[in-house]
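Asks: Quick one: the structure is below, questions incoming.
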Amino acid sequence: GESVGLHLPTLSVQEGDNSIINCAYSNSASDYFIWYKQESGKGPQFIIDIRSNMDKRQGQRVTVLLNKTVKHLSLQIAATQPGDSAVYFCAENRGGGSQGNLIFGKGTKLSVKP
Amino acid sequence: ETGVTQTPRHLVMGMTNKKSLKCEQHLGHNAMYWYKQSAKKPLELMFVYSLEERVENNSVPSRFSPECPNSSHLFLHLHTLQPEDSALYLCASSQDSFTPSGNTIYFGEGSWLTVV
């Protein structure tokens, strides 16, 4: 069935290195994508979003890349820091504009080694 | 501090109990949501309220009953729950209930529910 998913459930990186977290989606009608960060014991926190008419968007130390051809979304974190350790979720909006169409992936746990 | 406050943070209840989860948002948003987060599943949308009216109910069992008395407050009333209902229940809000770019959903810290 159609779903949002992640290639890797866990990712371990060295402090200072760049991190890349991947997400696959299967609905070609999805028009909006969001990355969330969830630290232990906290609710998900918005990181960055991208619309389907873009293929790249940059924020502070983060970049989201969208490849609609292969239905792939990635989050790149530059110079990863210990405070980046968390679970990262991608979410896709499957059209229609309603928040009810926002589908979340299971998440990738990022661990940063000092 | 996200501007969305949930109480209680932890709740243990028996299967015959009645309890309620409370959410308050201080962001002036018009839409509020309940999500369920289980250990091995993605975030699941339960209810959507827009301007205090329920606009979405994702086939949630009737033992979960939402209430939205005004645009700043949202409750989830719990009655005769099952152990499999144990999860993190997240409240969220956004400016409105549509998702154009910039209409970010802000989550609370969640209420950890254990049903025994």
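The values are calculated or read from the model by the stated rules, or taken from the named source; none is laboratory data. Quick caveat: nothing in here was measured; it's all calculated off a predicted structure. Cβ atoms come from the backbone with ideal geometry, glycine included; neighbour counts cover every protein chain shown.
Asks: Is it the case, given these coordinates, that B:LEU27 is buried (at least 19 other Cβ atoms within 10 Å of the Cβ) and among the hydrophobic types (A, V, I, L, M, F, W, C)?
Replies: Criteria not met by B:LEU27.
Asks: All but one of (1) surrounded by 18 or more Cβ atoms within 10 Å (Cβ to Cβ); (2) in contact (Cβ under 8 Å) with a residue 60 or more places away in the chain; (3) more than 9 Å from every other protein chain (Cβ to nearest Cβ) hold for B:THR80, so report the exception by its number.
Replies: Exception for B:THR80: condition (1).
Asks: To continue, here is another question. Does the range B:35-71 hold any residues that are acidic (Asp, Glu) and under 11 Å from the mean Cα position of the chain (by Cα), and which are they?
Replies: B:GLU44, B:GLU67 - these are the residues of the range B:35-71 that are acidic (Asp, Glu) and under 11 Å from the mean Cα position of the chain (by Cα).
Asks: Residue check, B:ILE105 against (1) among the hydrophobic types (A, V, I, L, M, F, W, C); (2) away from every other protein chain (no Cβ under 14 Å); (3) under 22 Å from A:SER40 (Cα atoms), all met but one. Which one?
Replies: (2)
Asks: A further question on this structure: Do the conditions hold for B:LEU74, that is, is it facing chain A (nearest Cβ under 10 Å), aliphatic (A, V, I, L, M) and under 22 Å from B:LYS18 (Cα atoms)?
Replies: no
Okay, residues lined up against (1) in contact with a strand residue (DSSP E or B) (Cβ under 7 Å, 6 or more places away or on another chain); (2) at pLDDT 95 or above; (3) among the hydrophobic types (A, V, I, L, M, F, W, C):
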{"residue": "A:VAL4", "(1), (2), (3)": "yes, no, yes"}
{"residue": "A:GLY16", "(1), (2), (3)": "no, yes, no"}
{"residue": "A:ASP55", "(1), (2), (3)": "yes, yes, no"}
{"residue": "A:LYS68", "(1), (2), (3)": "no, no, no"}
{"residue": "A:ILE77", "(1), (2), (3)": "yes, yes, yes"}
{"residue": "A:SER98", "(1), (2), (3)": "yes, no, no"}
{"residue": "A:GLY105", "(1), (2), (3)": "yes, no, no"}
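Asks: Report, by residue number, each residue of the range B:83-102 that is within 14 Å of chain A (Cβ to nearest Cβ) and within 13 Å of B:LYS36 (Cβ to Cβ).
Replies: Selection gives B:ALA87, B:LEU88, B:TYR89, B:LEU90, B:CYS91, B:ALA92.
Asks: For the subset of the range A:40-55 comprising residues that are more than 9 Å from chain B (Cβ to nearest Cβ) and in a strand (DSSP E or B), which member is farthest from B:ALA92 (Cα to Cα)?
Replies: Only one residue tops the list, namely A:ILE48.
Asks: While we're here: Just give me the residues in the range B:33-45 being under 18 Å from B:SER71 (Cα atoms) and more than 10 Å from chain A (Cβ to nearest Cβ), in sequence order.
Replies: First, pick out the residues of the range B:33-45 that are under 18 Å from B:SER71 (Cα atoms): B:33-35.
Selection gives B:TRP34 alone.
Asks: OK, next. Taking the conditions exactly as written (of a type outside the set (Lys, Arg) and over 17 Å from A:LEU102 (Cβ atoms)), does B:LEU76 satisfy them or not?
Replies: In short, yes.
Asks: Which of the residues that make up the range B:102-116 are outside any strand (DSSP E or B) and touching a residue at least 40 places away in the same chain (Cβ under 8 Å)? Break it down into steps so the answer makes sense when it comes.
Replies: Quick first cut of the range B:102-116, residues outside any strand (DSSP E or B) only: B:102-105, B:108-110, B:116.
B:ILE105, B:GLY108, B:GLU109, B:GLY110, B:VAL116 - these are the residues of the range B:102-116 that are outside any strand (DSSP E or B) and touching a residue at least 40 places away in the same chain (Cβ under 8 Å).
Asks: Separate question: Could you list, in sequence order, all residues of the range B:34-83 that are of a type in the set (A, V, I, L, M, F, W, C), within 21 Å of A:PHE104 (Cα to Cα) and assigned to a loop (DSSP other than H, G, I, E, B)?
Replies: Correct list: B:ALA39, B:LEU43, B:VAL60.
Asks: Among the residues of the range B:48-57, are any of a type outside the set (A, V, I, L, M), touching a residue at least 24 places away in the same chain (Cβ under 8 Å) and either more than 30 Å from A:ARG57 (Cβ to Cβ) or more than 14 Å from every other protein chain (Cβ to nearest Cβ) (or both)?
Replies: For the range B:48-57, residues of a type outside the set (A, V, I, L, M), touching a residue at least 24 places away in the same chain (Cβ under 8 Å) and either more than 30 Å from A:ARG57 (Cβ to Cβ) or more than 14 Å from every other protein chain (Cβ to nearest Cβ) (or both): absent.
Asks: Test A:SER30 against the stated conditions and say whether it is modelled with pLDDT under 95, within 30 Å of B:PHE98 (Cβ to Cβ) and within 11 Å of chain B (Cβ to nearest Cβ).
Replies: So A:SER30 fits the description; yes.
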